[in-house]
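Down below is the structure, laid out as structure tokens.
What follows is calculated from the coordinates using simple rules that are stated; it is not laboratory data. For clarity, every value in this text was computed on a predicted model and none was experimentally measured. Glycine also receives a Cβ, built like all others from the backbone with ideal geometry; neighbour counts cover every protein chain displayed.
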Amino acid sequence: MTTTAQQGTTRRTPAWCLVGRGTREAVTVVELDADGSELETRDVPSAQWPEHVRHAEEEAGPRWVWSDTATWYPRLLAAGVTVSRCHDLRLIHVILRHSQLVGDAGRLREATAWDAPIDQALEEPARGATLFDLDDSSRSGGVPHALEEARAEFARQRTATDGAADPGRLRLLLAAESAGALVAAELHAAGIPWDVAEHDRILTEALGPRPGTGQTPSRMAEAAAEVRTALGDPMLGIDSPPKLLRALHRAEIDVESTSQWELMEHDHPAIDPLLRYKKMSRLLAANGWAWLEEWVEEGRYRPVYVPGGVVTGRWAASGGGALQIPRQLRPALRADAGWRLVSADVSQLEPRVLAAMSGDRAMAEAGADRDLYSGIVDAGVVETRQEAKVGVLGALYGGTTGDSGRVVPRLRRNFPEAMRLVDDAAATGERGGTVSTWLGRSSPAPEAEWTRAQTGANLPDAAAREQERARRAARDRGRFTRNFVVQGTAAEWALSWLAALRLALARFEPVPETDAATASGPVFAARAHLVFFLHDEVIVHAPAAQAEAAASAILSSADAAGRLLFPGSVVDFPLDLTITERSPTK
DNA sequence: AGGTAGAGCGCG
DNA sequence: AAAGCGCGCTCTACCT
């Protein structure tokens, strides 16, 4: 146990610092030993709280326990303070409440304020605002920020975790989830460096020059005119699917919907301009000039990331469609002068995760040190890389038709352990059961309506229609649980990767702040930092001199994540990594 | 007028 | 070519 001398007395450094809103205008900090016993409690005036945290970080680097990272951490970041680790009570509550690894969840399973769905709009702390300007109901859907409630919840969570079937595994998940919450707040604070001029250039090239308000860009208007001419309907409202569908039928184009994949199968002079129009219309609506004005400020795009926003454990995002930035606009993501973007994505993360979870040696070998799909071809399982890809995706998603349906049986013969794992997960889901990820995040129980339909369909007098509907619902749920175990474990791998990476980057020596990067704020203008995360992909914004070191950190963090989750596994997680000034379109 | 469902399409 | 999983966002149609 580390000790520090302070004012003549010897003090044990805390393993945990539980913080909560205390008395008026103060944050109460309860320092706890590793075993949870209290060392010291103090009130810190809220104005001095960031300084207190900075000091504690330098001294011991405790794990900060707080109600909700999205509430507490932005205030520290705004004051230029980062923390190494935390325990996010809100996110962890959700995991523990549902996890199959937790035998006796006690009161965690009861509906409480900790379960309230949160208002996902992360509020910027107003200038000079303190935690005391927030009452519990003002955001986070009523998650309690007061000390006593946080303390009681933390105790419940510790009991549940200590008594879990595999506490070590679960603790990894809780730590990774919390680290993700820190990353999410940091990504928002730093912002994505966004080149407005480049974005405008891409829009102008694709759509024509920016039109006046309410006007259609010229190239879109031209395509629309071509469509109307080709369909012989000069007044056609192309943006209305029902009207468009009727016009297509009048022109004897036999489609059931107006979606592009169906249109593409037909040969008619209206099709090409229509597809071009749709593409342009989408770009304009989702990421046009209005988007640019709304979302990019001082060269930074700051989406709100929502850790734990997806049942599988993936993040969601709100604000400008952060997870759907079209490839076309990737070049607008550009490093500041003198800085670089270090981009990395994992090749075939989900199938590799499946190989590791199931211990399928043949699948691990197919991916060893190379493209997994090519490896499946080389192993003689299928003829082409495309077949391998479609087959593997079919295995993960539950595809039964077309090429994927044809290839999956071959995968089942060649990769029996991997296929058994996903097939079992599907079977469990079809029965209404619960499945869990590698680290213990469990799937939600079926809706009452789903269960009712299954029970009803089993009654002797059930109508054939009812039975068919119930069977379809069962298969739908089976595909969901099949994918849940893999998608969810891949999310755990990615969180572990992020967690290791942010700690590695935090150890980089600060550089003198450059004018260029000051838009990222006091913490991030002085060293390499994460600016983007998308399921299996990260981008680090780094001073040119730190770019190589950042690349190494990304690689070694991926390695560490693999070893942490799957000790002894032969499965590797290769990255595609580039150092550029401008993000490549790929 | 205002809320919501569905279509459609972007991302992994 | 999509299919089979998970999302968010914008638009229109349709409801109260």
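How much net charge surrounds A:Gly488 when only the other residues with a Cβ under 11 Å from the Cβ of A:Gly488 are counted, with Lys and Arg +1 and Asp and Glu -1? That sum, taken over residues with Cβ under 11 Å, equals 0. Helical runs (DSSP H, four residues minimum) scored at -39500 (n - 2.57) apiece and divided by the length of chain A put the mean residue ellipticity at 222 nm at -15000 deg cm²/dmol. Put simply, the amide H of A:Ala26, placed in the peptide plane, has neighbours under 5 Å in A:Ser46, leaving out anything fewer than 5 places away on its chain.
Take the convex hull of the alpha carbons in chain A; its mean projected area over all directions comes to 31.7 nm². Take A:455-462, A:49-56, A:439-446 and order them by the average number of nearby Cβ atoms within 10 Å per residue, most first; the result is A:439-446, A:49-56, A:455-462.
Note down the net charge around A:Ile238, summing +1 for each Lys or Arg and -1 for each Asp or Glu among other residues with Cβ under 15 Å from its Cβ.
+4
Multiplying the residue separation of A:His266 and A:Arg107 by 0.36 nm and removing their Cα-Cα distance gives an extension gain of 51.3 nm. Taking every lysine pair in chain A that is 8 or more places apart or spans two chains, those with Cα atoms closer than 21 Å amount to 4. Enumerate the residues in the stretch A:396-415 having an amide nitrogen under 12 Å from the point lying 7 Å beyond the Cα of A:Ala464 toward its Cβ. Counting backbone N atoms under 12 Å from the label point, the list is empty. Between A:Leu39 and A:Glu31, A:Leu32, A:Asp33, the built amide H atoms are under 5 Å apart, and every one of these is 5 or more places off in sequence or on another chain.
Residues whose amide H lies under 5 Å from that of A:Arg340, counting only those 5 or more places away or on a different chain, are A:Ala542, A:Ala544; hydrogens are built 1.01 Å from N in the peptide plane.
Could you tell me which of rounded, prolate or oblate describes the stretch A:382-518, using a ≥ b ≥ c as the square roots of the eigenvalues of the alpha-carbon gyration tensor, with rounded for a/c under 1.5 and, failing that, prolate when a/b is larger than b/c and oblate otherwise? Verdict is prolate for the stretch A:382-518.
Taking a Cβ cut-off of under 15 Å around A:Arg276, the surrounding Lys, Arg, Asp and Glu residues balance to a net charge of 0, with basic ones at +1 and acidic ones at -1. Peptides A:385-394, A:147-156, ordered by how many other C-beta atoms sit within 10 Å of their residues on average, highest first, read A:385-394, A:147-156.
Applying a length cut-off of 30 Å (Cα extent along the axis) and a mean Kyte-Doolittle floor of -0.5 to the DSSP H helices of chain A leaves A:167-190, A:464-506.
What is the calculated FRET efficiency for A:Leu503 to A:Ser318, with r their C-beta to C-beta distance and R₀ = 25 Å, to the nearest 0.05? E(calc), rounded to 0.05, equals 0.40. Comparing A:Ala356, A:Ala317, A:Leu341 along the charge dipole axis of the stretch A:297-445, the residue lying farthest to the positive side is A:Ala317, per the Cβ-charge model. Highest mean packing first, where packing is the average number of other Cβ atoms within 10 Å per residue, the peptides A:463-470, A:81-88 line up as A:81-88, A:463-470.
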